Each structure stands twice: as structure tokens, then as C-alpha cells.
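Asks: There's a structure below that I have some questions on.
The values are calculated or read from the model by the stated rules, or taken from the named source; none is laboratory data. Since this is a predicted model, take the numbers as computed values, not measurements. Virtual Cβ from ideal backbone geometry, glycine too; neighbours counted across all protein chains shown. The protein model used for the area step is the full one, side chains on, heavy atoms only, and it has no ligands, DNA or RNA in it. Shrake-Rupley method; radii C 1.70, N 1.55, O 1.52, S 1.80 Å.
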Amino acid sequence: METKSVQLKIDGQVVKARPGVSVLQAAREAGLYIPALCELEGLLPGSSCRLCLIKIKDRPSFVPACATQAEEGMEVMTSSEELEKLRQATFELILSEHPYFCLLCGEKADCNELKVTMSKAFDPGGCVFCPKDGDCDLQQVASYLKIKKVSYKFKDRGRPQWLQDPFISHNPNLCILCGRCVSVCGEIRGENVLTFVNRGPATAIGTFYNRPL
Ligand code: SF4
Ligand code: SF4
Ligand code: FES
């Protein structure tokens, strides 16, 4: 039996979405980009990064697109001066603890040529030698926001890396605490091994009761 789709408008564009999907997913499937750093399709939304905030007509406050179900007749605005200011401020905070120099670098388009002249140890400290370079949500958000500056000095957390496990490497100094690894571990793998540990500025990804993996 054919499932009836839901019709809504996103930034003035008519979008047909599968019933039950989030506005973020509906936008994505229609080829529209909404910045998002903590959502993973098919998993429960953590709604922690706050980058996917949107405005829905006749609703008083901004809502996260990842945790808002697409509804018939909904009119969604994904961008405005206020939304972009909020995103910029949130993103700068996220980057204050992630090496962001490559994201701001005016020469980044030519970096592949420069790479042959560089050598660097295991800790990438920037995009150039990062395995995610070129396929990175942070880079995508930075490019969307056309980010030119970060108001905060980069703070290296100086935490030890997990290098003792044959299957998982984790560099807590690069972690933006998006929670995706925790969701995948719990909801897809069904293991519930990874979790957030500590509180406030000391928050990190760890294991329950600090047990070895
Ligand atoms: S994850 Fe890697 S590629 Fe992405 S912004 Fe950070 S250092 Fe650059
Ligand atoms: S380690 Fe986990 S919480 Fe940290 S950035 Fe990676 S997926 Fe996100
Ligand atoms: S993707 Fe929606 S809050 Fe992070």
C-alpha cells in the first residue's frame, strides 16, 4: 500500500516528505542543507549541537530541525539574520575546543599541493592530516557559515588519547561532544559501552564505570 506523503514548505520550496521524518531529514532528502552536527539519520535526536535551529511559521520560538517532525502544511524557514547569528555564535563555541586554524585558512584550497612539504606527528591538530579532511561536517558548517574568525582562543584540552585499543582510537582533544558515537554504540550496536562522563568543562566520552573496552 502506498504511504501518503506529507507536504510542507522549506524556504518557500514545496517538499514532499515521508510521514514521520524530521524536518532535517525532509530537507536533506529534498537536497536542502541545514547545518547539523549531532544528528544521525535513523537514530534518536540528541539535539545537543543546536546548529539545526529553524523557524516554523506561527510558532513562537526556534526549534531544532532534527527533533521536529515534518507536518502537513508546515512552513519552515531555515535561515535568517537572527538564525545565522545564533549559528555563528554556537559554532564558534564548538570550535573553541577544536583545532580550527585550517577552517579559517585562506590558502586551504591549495593545501593539497603544500601537503608534500609538510610532515606531522599522529595528532593532526588541523584538517591537513586529518582522516576526515574533505568529508567533514565541521568543514561543511564552516563553509556554509563562511566563517572568517573565531572569537575564542583555541584551548587544547591536553587529554591523553586512547591508543591502547586495537579497534578504537579516540582523541578527546578533537572531540566536539556531539554524542554520535554514544548513540551508535547504544542504538545500533546495542552495546551501551560508550557514554558521557564527568560534568561541565570536564565532560568527555568514556565508558561506563571507566571500564576498559
Ligand atoms: S575533524 Fe578533521 S577535517 Fe574536520 S575540522 Fe576537525 S581537523 Fe578538520
Ligand atoms: S568522539 Fe563521539 S562525541 Fe566526540 S566528536 Fe566523535 S562522535 Fe562526537
Ligand atoms: S543536529 Fe539538531 S541539534 Fe544537532
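Asks: Under 6 Å between Cβ atoms, which residue pairs at least 6 apart in sequence (or on different chains) link something in the stretch 96-112 that is touching a residue at least 60 places away in the same chain (Cβ under 8 Å) with a partner that is in a loop (DSSP other than H, G, I, E, B) and surrounded by 14 or more Cβ atoms within 10 Å (Cβ to Cβ)?
Replies: Short answer, once both residue conditions are applied: 98/176; 99/125; 99/126.
Asks: I'm checking my understanding of the structure. Among residues of the stretch 99-127 that are in a loop (DSSP other than H, G, I, E, B) and modelled with pLDDT of 70 or more, which one is most open to solvent (accessible area, probe 1.4 Å)?
Replies: From the stretch 99-127, those in a loop (DSSP other than H, G, I, E, B) are 99-100, 105-107, 116-127; that's our starting set.
From the residues that got through so far, the ones that are modelled with pLDDT of 70 or more too are 99-100, 105-107, 125-127.
Working: 99: 8, 100: 18, 105: 53, 106: 77, 107: 106, 125: 35, 126: 11, 127: 25 Å².
Checked the stretch 99-127; the qualifying residue most open to solvent (accessible area, probe 1.4 Å) is 107.
Asks: Can you tell me which condition residue 168 does not meet? The list is (1) modelled with pLDDT of 85 or more; (2) among the β-branched types (Val, Ile, Thr); (3) within 14 Å of ligand 2 (Cβ to nearest atom), and all the others hold.
Replies: All conditions pass for residue 168, except number (1).
Asks: If residue 75 meets every condition in (1) open to solvent by less than 100 Å² (accessible area, probe 1.4 Å); (2) closer than 26 Å to residue 194 by Cα; (3) not aliphatic (A, V, I, L, M) apart from one, which number is that one?
Replies: Failing condition for residue 75: (2).
Asks: Of all residues in the stretch 44-62, which are away from ligand 1 (no atom under 16 Å from the Cβ) and open to solvent by less than 30 Å² (accessible area, probe 1.4 Å)? Walk me through it before giving the result.
Replies: Within the stretch 44-62, the subset away from ligand 1 (no atom under 16 Å from the Cβ) is 44-48, 50, 52-62.
Once the filter is applied, which keeps residues that are away from ligand 1 (no atom under 16 Å from the Cβ) and open to solvent by less than 30 Å² (accessible area, probe 1.4 Å), the stretch 44-62 yields 47, 52, 53, 54, 56.
Asks: Right, here's the next one. Do the conditions hold for residue 151, that is, is it open to solvent by 50 Å² or more (accessible area, probe 1.4 Å), in contact with a helix residue (DSSP H, G or I) (Cβ under 6 Å, 6 or more places away or on another chain), over 21 Å from residue 46 (Cβ atoms) and not hydrophobic (A, V, I, L, M, F, W, C)?
Replies: Judged against the criteria, residue 151 is a match.
Asks: Now for a separate question. What single numbered condition from (1) outside the structural domain of residue 139 (by TED's automatic domain parsing); (2) in contact with a Ser or Thr (Cβ under 9 Å, 6 or more places away or on another chain); (3) modelled with pLDDT under 95 fails to hold for residue 42?
Replies: Condition not satisfied by residue 42: (2).
Asks: Could you check the stretch 131-151 and list, in sequence order, the residues that are free of Cβ contacts under 8 Å to residues at least 40 places away in the same chain and either touching a strand residue (DSSP E or B) at 6+ places or on another chain (Cβ under 8 Å) or not small (Gly, Ala, Ser) (or both)?
Replies: Kept after step one, since they are free of Cβ contacts under 8 Å to residues at least 40 places away in the same chain, are these residues of the stretch 131-151: 131-136, 139, 143, 146.
Hits for the stretch 131-151 are 131, 132, 133, 135, 136, 139, 146.
Asks: Check 130, 175 and return the single one that is more than 27 Å from residue 61 (Cβ to Cβ), within 16 Å of ligand 3 (Cβ to nearest atom), open to solvent by less than 50 Å² (accessible area, probe 1.4 Å) and in a loop (DSSP other than H, G, I, E, B).
Replies: On the way: 130 fails: within 16 Å of ligand 3 (Cβ to nearest atom).
Result: 175 is the single residue among 130, 175 that is more than 27 Å from residue 61 (Cβ to Cβ), within 16 Å of ligand 3 (Cβ to nearest atom), open to solvent by less than 50 Å² (accessible area, probe 1.4 Å) and in a loop (DSSP other than H, G, I, E, B).
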